[in-house]
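See structure below.
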Amino acid sequence: MRRRARPGGGRQVEVLVESLGAKGDGLAESGGRPIFLPQTVPGDRVRARITGERSGGFKGTVIELLEGGPSRSEAPCPFYGPCGGCALQHLEAAAYGAWKAGLLGQALARRGLDAGRLHPLVQIPPSRRRRVVLSARRGGRTLSLGYHERESHRLVDVEACLLLTAPLNQFLQPLRGALEAVLGPREEARATALDSETGIDLLIESSHELTLADREGLAAFAAEAALARLSWRHAGETQPLSQHRDPVLRFGGTPVVPPPGGFVQPTAEGQQALTERVLAAVPDSAETAADLFCGCGTFTFPLARRLQVYAAEADEAAVEALALTARKSDRPDRISAECRDLARTPVSAEELSGGDVVVFDPPRAGAREQARALAQSDVPRVIAVSCNPTTFARDARTLVDGGYRLIEATPIDQFPWSGHLELIAVFER
């Protein structure tokens, strides 16, 4: 009987990488089973160590690159390798674009679906990421700030990130200093920074209990760094520490103040590309729309420029931000907002009956229950936005089995050098 591979060590094999998997790992074969090898490209011949099992095959690490494949390229980031933020900087740009463009079609094909018209990949270049989540850990006298290694709790200290906007990169060093002044030995924190139109909005989450001196120091830091807003979250409670200006993003021309740490599209360019395609998919005859998993209104406000919109979202703070903005708008009657967990209490087919359009943009886990309700509805046009082709394809299968037809889809790469892919798709009855 063959022994099972042991995590942390195992047998060595010499293999040829034949393709890339859905997460960007190179795929080779040994003994009739696939081996997933991070940071390899097709054509690489490597000596690898099997470290565990994964998806019916093996996980492995490269011990030695014996021969490089034709699409191998020099990674532009000095932190690439240990840092788990990127997975594909070693892949030549054209090969990367072709691989990323194929992810959506492959996910649909696995579910027996055709995209109808599959549009070319829309690529958002690096240095456009306006929202970042960083981890921090205080050692002895020094503090590490950056991203975790892949599948690890180890933290890689980074001084700059090629994905981030210039203001966020410039902010890393001041943030490091502020956290060093507050955190004690072995204490940790998570910092979510948003490069808003009016300055950086910063949320720090930590088990550290703030003293009066901490609060005064952080308020001084916020003033010196010209932050729009600074908040601290401890034991699930978010406390405002400093606010010089409202941190503002615009959705369809409407200024919205997202909640501290709230989810928004990671790039302004990606948000624009998605919004343009959502609006283009709305029929001219439409009068009403439901915006499900609406966040703080990325699509709600653009839709409300000419439609009556019902918006639903489980995040109470996001719904409050959306509703407050709607009340202050020149057409407050255009939007009704509800805090609703759509995974547990989806909007039913009966509630949707008679509506013209549904837009849904769920988290990575997808919209399993809501898709089932949609499949039973009579809504003539459904527009899906997703950041996970796999769960999208599952939900698309549900809609198609319920009588919808997938007529077009567009992959949008807001996450350069990673296996993550945004997309928008249009269904009709």
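The values are calculated or read from the model by the stated rules, or taken from the named source; none is laboratory data. In this text, all values refer to a predicted model and were calculated from it rather than measured experimentally. Cβ atoms come from the backbone with ideal geometry, glycine included; neighbour counts cover every protein chain shown. Just the protein is used for accessible areas: all its heavy atoms, side chains included, with ligands, DNA and RNA removed. Shrake-Rupley method; radii C 1.70, N 1.55, O 1.52, S 1.80 Å.
General observations
- For Lys328, a cut-off of 16 angstrom between C-alpha atoms picks up these aspartates and glutamates, skipping any fewer than 8 places away in its own chain: Asp246, Glu320.
- By the rule of a C-alpha distance below 28 Å, with chain neighbours fewer than 8 residues away ignored, the lysines paired with Lys100 are Lys23, Lys59.
- Directionally averaged shadow of segment 251-304, computed from the convex hull of its alpha-carbon atoms, nm²: 4.0 nm²
- Of all accessible heavy-atom area on the chain, the percent that carbon and sulfur account for (1.4 Å): 49 percent
- Extents of segment 318-429, largest first, come to 38, 37, 25 Å (Cα atoms, principal axes, whole angstrom).
- For segment 1-159, the square roots a ≥ b ≥ c of the C-alpha gyration tensor eigenvalues yield an a/c of 1.5 or more together with a/b not exceeding b/c, which makes the shape oblate.
- For His148, nonlocal amide neighbours, meaning residues 5 or more places apart or on other chains whose placed amide H falls under 5 Å from its own, are Gly84, Val156.
- Sparsely packed trypsin sites (Lys or Arg not before Pro) within segment 229-308, loop by DSSP, other Cβ within 10 Å at most 16: Arg245, Arg305, Arg306
- GNM result for the chain, Cα springs below 10 Å: residue of Arg137, Arg397, Arg11 fluctuating most strongly: Arg11
- Descending by average beta-carbon neighbour count within 10 Å, the peptides 263-272, 84-93 line up as 84-93, 263-272, the highest first.
- Cα convex hull volume per residue for the chain (Å³): 159 Å³
- Gyration tensor verdict on segment 133-175 (Cα atoms; rounded if a/c is under 1.5, prolate if a/b is larger than b/c, oblate otherwise): oblate
- Projected area, mean over directions - segment 244-353, Cα convex hull, nm²: 7.5 nm²
- Think of a 1.4 Å ball rolled over the protein heavy atoms: segment 259-340 then has 43 Å² of accessible area per residue.
- Put simply, the amide H of Thr288, placed in the peptide plane, has neighbours under 5 Å in Gln308, Asp356, Val357, leaving out anything fewer than 5 places away on its chain.
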